[in-house]
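To start, the structure itself, in C-alpha cells.
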Amino acid sequence: MPIYEYKCPNCGKFEVLQKITEENLKECPKCKEQGKSVPVEKLISESSFVLKGTGWYETDYGSKSHSCSSGKSCGCKGHCNH
Ligand SMILES: [Zn+2]
C-alpha cells in the first residue's frame with residue numbers, strides 16, 4: 001500500500017497509507033477530529049520508496065551540507081571528496 005503525503009495549512013505535512021483505489025483525502029483527518037474542516041493539498045511523494053528501497057535516507061540527508069573531517073561545513077553531497 002503506497003504512502004501519500006499531504007499538506008495541511010493548519011498542521012503541516014503528514015503521510016497517509018491509502019489503497020490505490022482509495023480517493024484522495026479532501027480534508028485533514030487530524031483537524032477533522034477537532035471539528036475543523038481544513039482542505040489538504042496532495043504532494044508528490046517519494047515516501048513509497050521507504051518501504052522498498054534501502055539508502056533512501058542517504059539521498060535525503062546527503063543533500064545537506066555537513067561537517068567534514070576538516071571541521072568546516074562543506075558542500076559535499078554525502079561523501080567528502082576533499
Ligand atoms: Zn490539519
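We did not get these values from a lab; they are worked out from the coordinates using the rules stated. Note that this is a predicted model, so its numbers are computed, not measured.
Would you please give the residues with an amide H less than 5 Å from that of Gln18, counting only those at least 5 places away or on a separate chain, with H modeled from the backbone geometry?
Placed amide hydrogens put Tyr4 under 5 Å from Gln18.
Over the stretch 1-40, what is the mean sequence separation of C-alpha contacts under 8 Å (at least six apart), divided by residue count, expressed as relative contact order in percent? Kindly include the intermediate steps, with their values, before the conclusion.
Numbers: 52 pairs, mean separation 15.2, N = 40.
So the answer I get is 38 percent.
For Glu41 and Met1 in the same chain, what is the full-extension length gain: residue separation times 0.36 nm, less their Cα-Cα distance, in nm? Don't jump to the answer; show the numbers that get you there.
Values: separation 40, 0.36 × 40 = 14.40 nm, distance 1.98 nm.
Length difference between fully extended and current span is 12.4 nm.
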